[in-house]
1. Looking only at the range 76-98, decide whether some residue is at pLDDT below 95 and touching a Pro at 6+ places or on another chain (Cβ under 6 Å).
2. Can you name the residue in the range 67-93 that is among the hydroxyl-bearing types (Ser, Thr, Tyr) and surrounded by fewer than 13 Cβ atoms within 10 Å (Cβ to Cβ) and is also farthest from Thr132 (Cα to Cα) among such residues?
3. Can you report the number of residues in the range 103-143 which are more than 20 Å from Asp42 (Cα to Cα) and surrounded by 19 or more Cβ atoms within 10 Å (Cβ to Cβ)?
4. Only one residue in Phe130, Phe126 is assigned to a loop (DSSP other than H, G, I, E, B), within 15 Å of the chain's Cα centre (by Cα) and at pLDDT 95 or above, so which one is that?
5. Taking the options Asp118, Asp105, name whichever one is within 24 Å of Glu14 (Cα to Cα) and either in contact with a Ser or Thr (Cβ under 8 Å, 6 or more places away or on another chain) or in a strand (DSSP E or B) (or both).
Amino acid sequence: MAITQAVCTSFKQELLVGTHNFTVTSGDTFKIALYTSSASLDATATAYSSTNEVSNSGTYTATGGTLVSVTPTTSGTTALCDFADISFTSATITARGALIFNSSDSNKAVAVLDFGGDKTSTSGTFTIQFPTADASNAILRLA
C-alpha cells in the first residue's frame, strides 16, 4: 500500500462546477483524517473512507478533526487557501498520511498528505502543521 501526496483529481473538477466553498464565515466544513501506512491514498481518492484510518485516541476520533480555513487570497498570479494547524491531544497515534475532505458535501476528497514516514505521538499531542500560506508553499494553490 502507499500514500502519495496530491491534490485529488475529482477536487479539481469539482472546483470548476462550484462544489467547494472555502469562505471562512459561510463556507463548507473541511476535515482531516489520519491514516496508517496500510492505506492506499493518491490523486484518485474521491471521498473520505474509514479503511486504514488510525484508531480513536485522545481527542482524535473517526473522521478526524475539523479544519479552520484561512480566508482564500491571492499572491501575484496564484490563488491560495490554507488551514490553521490542528492538534489532537492525549493521543497515541502512528500515522503515515492524511486526507483533507469536505464534510459538508458528501465527504468529497480535497487533498492527500504524505508525511514521508510514520509520525507518532504516545499519550501526547499529534500536530499537523500546515506550510506557510504563500504562492510557493500553501497547501492548496492555483497557479
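1. yes
2. First pass over the range 67-93, keeping only residues among the hydroxyl-bearing types (Ser, Thr, Tyr): 69, 71, 73-75, 77-78, 87, 89-90, 92.
If we keep only those that are surrounded by fewer than 13 Cβ atoms within 10 Å (Cβ to Cβ) as well, we get 71, 74, 77.
Numbers: Thr71: 14, Thr74: 13, Thr77: 17 Å.
Here the residue is Thr77.
3. The total comes to 3.
4. Values: Phe126 fails: assigned to a loop (DSSP other than H, G, I, E, B).
None of the others qualify; the one that does is Phe130.
5. Values: Asp118 fails: within 24 Å of Glu14 (Cα to Cα).
That would be Asp105, the only listed residue that is within 24 Å of Glu14 (Cα to Cα) and either in contact with a Ser or Thr (Cβ under 8 Å, 6 or more places away or on another chain) or in a strand (DSSP E or B) (or both).
The values are calculated or read from the model by the stated rules, or taken from the named source; none is laboratory data. All figures in this text were calculated on a predicted structure; none of them were measured in a lab. Please note: Cβ atoms are built from the backbone with ideal geometry, for glycine as well, and neighbour counts cover all protein chains shown.
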